[in-house]
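Structure first, then comments.
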Amino acid sequence: MNTNNNKWVYLILLSLIWGSSFILIKRSLLGFSAMQLGGLRIVFASLFLFLFGFRSLRTIASGDIKWLAMAGLLSSFFPPFLFALAQTELDSGVTSIFNSVVPLLTTIVGISLFGALVTKKQVLGVFIGLFGTVILVATGMEFDPESNYWYSIFILLSALGYALNINIIKKHLSHLSPLAVTTASFGVAFLPALVLVGTSGFFGEISMNTKMHEAFWYLGALALLGTSLANILFNKLIHISSPVFAASVTYTIPLVAVLWGFWDGERINSFQLLGGIIILFGVWLVNKRRK
């Protein structure tokens with residue numbers, strides 16, 4: 001299978017995994033606080049990655065450390081907390097929709113800070129995808145006015161972190177394997193996350209809190225699949241494609257997340273489906289090859 005086909009396989013897999021992560025966050029929050037969920041997600045994912053990726057750290061040079069530290073904080077430490085906090089007020093489908101501004105921010109960050117070159121079609125595709133996102137958000141606000149949409153700021157901050165992380169990896173860490181980048185990034189996030197878990201009261205509650213026991217399986221799936229495995233796949237996607245293509249996974253994630261939300265009782269309407277179709281067209285245009 002050639003590289004062009006591979007990147008589409010990774011895109012589909014990540015859409016399914018990350019699109020399912022939002023419903024896992026929602027279910028995990030039934031037993032854990034946002035602080036506990038974010039911290040435990042990082043801790044469990046880090047331990048899993050250390051088992052399989054420890055040897056890959058030998059390939060890291062001293063000049064890579066500062067970039068890995070930045071990538072770790074921007075993509076592995078802050079987003080798990082910010083997403084959990086956002087979903088205390090927003091539905092899982094709506095949260096995933098706000099996350100689809102990542103390609104737009106990736107393009108802006110790439111041009112302004114990293115000297116990236118993009119085509120007019122890519123820029124047009126980004127804005128078409130963003131237009132589809134606006135439709136989804138607007139219809140969501142109409143049908144669910146009780147949600148606190150100010151909490152979407154946390155998602156936008158995460159999206160900016162992802163945009164910076166994508167460009168950092170592409171420009172400064174592309175010589176490292178995806179496993180090494182992912183393991184090192186979570187190595188940066190592990191200790192501060194463990195400290196926050198300790199101060200959250202988790203260790204005092206876990207033995208007696210039955211809701212934590214029920215939510216633990218959702219958290220485990222979120223950490224192993226939606227965090228550690230997904231980040232390895234995503235870093236591989238960054239290596240074999242452009243930053244804009246890698247970021248476009250956030251356009252297809254809401255399609256999966258909204259369907260999960262519908263299954264879980266969240267409302268969906270024809271305008272949201274229309275927004276999803278427009279988003280897919282934007283992804284296609286971003287990645288359309290020149291003749």
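Within the range 90-101, one or more residues are under 17 Å from the mean Cα position of the chain (by Cα), modelled with pLDDT of 75 or more and not in a helix (DSSP H, G or I). In the range 84-95 there is at least one residue matching the filter, namely being surrounded by fewer than 24 Cβ atoms within 10 Å (Cβ to Cβ), in contact (Cβ under 8 Å) with a residue 60 or more places away in the chain and in contact with an Asp or Glu (Cβ under 6 Å, 6 or more places away or on another chain). Screening residue 256 on (1) under 13 Å from residue 16 (Cβ atoms); (2) buried (at least 24 other Cβ atoms within 10 Å of the Cβ); (3) over 12 Å from the mean Cα position of the chain (by Cα) shows it passes everything except condition (2). Assess whether residue 74 counts as being at pLDDT 90 or above and farther than 24 Å from residue 243 by Cβ. Considered against the rule, which asks whether it is at pLDDT 90 or above and farther than 24 Å from residue 243 by Cβ, residue 74 comes out as no.
I'd like to know if the range 11-29 contains one or more residues that are part of a helix (DSSP H, G or I), under 19 Å from residue 194 (Cα atoms) and touching a residue at least 24 places away in the same chain (Cβ under 8 Å). Yes, the range 11-29 contains a residue that is part of a helix (DSSP H, G or I), under 19 Å from residue 194 (Cα atoms) and touching a residue at least 24 places away in the same chain (Cβ under 8 Å). Residue-level analysis places residue 247 among those that are modelled with pLDDT under 80, under 15 Å from the mean Cα position of the chain (by Cα) and either surrounded by fewer than 18 Cβ atoms within 10 Å (Cβ to Cβ) or of a type in the set (A, V, I, L, M) (or both). Here residue 147 meets the list (1) assigned to a helix (DSSP H, G or I); (2) at pLDDT below 85 almost entirely, failing just condition (1). Taking the range 226-276 and the helices (runs of 4 or more DSSP H) fully enclosed by it, the elements with 3 or more residues that are in contact with a Pro (Cβ under 7 Å, 6 or more places away or on another chain) are at 230-240. Taking residue 230 as the residue in question, decide whether it is within 14 Å of the chain's Cα centre (by Cα) and more than 16 Å from residue 49 (Cβ to Cβ). Judged against the criteria, residue 230 is not a match.
Kindly check whether there is at least one residue in the range 156-163 that is part of a loop (DSSP other than H, G, I, E, B) and at pLDDT 90 or above. There is no residue in the range 156-163 that is part of a loop (DSSP other than H, G, I, E, B) and at pLDDT 90 or above.
The values are calculated or read from the model by the stated rules, or taken from the named source; none is laboratory data. Computed from a prediction, not measured in an experiment: that's the story for all the values here. With ideal geometry, Cβ positions are generated from the backbone for all residues, glycine too; neighbour counts draw on all protein chains shown.
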